[in-house]
Amino acid sequence: MDIASLLGPEPPHLPAVRANMVSTLTGCATINDLSEAMGNDTDGKLFQALRGWADVIFVGGQTVRSEDYGGVERHTSDSPPCPIAVPTRSLNFDPSSKFLTHFITAPIFLVPHAALQSTAVSARKDTLEETGAEVIDAGEGTMHDYLRVLREHGFERILCEGGPSIIGQLVHIDAIDQMYLTLDPRLSSGVEQPVASFHGTQSHRRMHLENVAADTDGTVFLRYSRATDPVH
């Protein structure tokens, strides 16, 4: 399958946010609390192609911990991989984890200003910075703040890899320019984790279908972009 056709053209304007998620046919974003068992080889290639496009990967702390995130693979021989940026209020990460020991480009932690005043968080900040990670003050710690800080640091191509809470917050503030959704051809008897979750008034955004492609094993790749008539 042609990965370039799945990836599609560049977003028409920068800065831009792309989101990439995988789901069963019944809407579950994990199997046994992990997403790694889902998708196929084509999905893996699309995953890497999207990372190659990005200036920064934006992913929630729980996803980093549960999926045992590592660093980003080098996209070309002369280009360093983009960093992974993680919004967090606790900075509760194991400094010996793969995320903080196996990277080429140092990870970034986005922490609300008020949280940085905590003695416990301040101590964790010192520990994580010793691994080479960067800790950045993210103002009040809203999703608007996180995106603003990333853009102020020169990251215009933002790729969000979840988890559900991060996706839900991006939907709520209408920040997703393109959505890539891989449908794994399995039914699940329940939903361990949805693709998006949000604790508050629900928001809706209509998207425009740009591309749909089916692999030989039944995996379906969907790509959506912003519709001109956004809210329904």
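Table for the structure above
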{"read-out": "Test item: Cα-centred dipole of the chain, Lys/Arg +1 and Asp/Glu -1 on Cβ, debye", "value": "380"}
{"read-out": "As computed over region 47-178, the Cα convex hull volume per residue (Å³)", "value": "102"}
{"read-out": "Cβ-Cβ FRET estimate between Thr26 and Ser66, R0 fixed at 25 Å, reported to 0.05", "value": "0.75"}
{"read-out": "Spin-label zone in region 90-109 - amide nitrogen under 12 Å from a point set 7 Å from the Cα of Thr127 along the C-beta vector", "value": "91-97"}
{"read-out": "Label-point separation in nm, His144 to Asp174, each point 7 Å along Cα→Cβ", "value": "1.3"}
{"read-out": "Test item: Cα-centred dipole of region 47-178, Lys/Arg +1 and Asp/Glu -1 on Cβ, debye", "value": "180"}
{"read-out": "Kirkwood estimate for region 113-181, i.e. one over the average of 1/r between Cα atoms, Å", "value": "13.8"}
{"read-out": "For region 1-20 and region 125-163, distance of Cα centres in Å", "value": "22"}
{"read-out": "Computed FRET value (nearest 0.05) for Arg206 with Trp53, which takes r as the C-beta separation and R₀ as 35 Å", "value": "0.90"}
{"read-out": "Separation of the Glu152 and Ala37 label points, Cα + 7 Å toward Cβ, nm", "value": "4.3"}
{"read-out": "Mean Cβ neighbour count within 10 Å, used as a protection proxy, ranking 186-194, 14-22 highest first", "value": "14-22, 186-194"}
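Any read-out appearing in this document is the output of simple, stated calculations on the displayed coordinates, not a laboratory observation. Please read all numbers here as calculations on a predicted model, not as lab measurements. Virtual Cβ from ideal backbone geometry, glycine too; neighbours counted across all protein chains shown.
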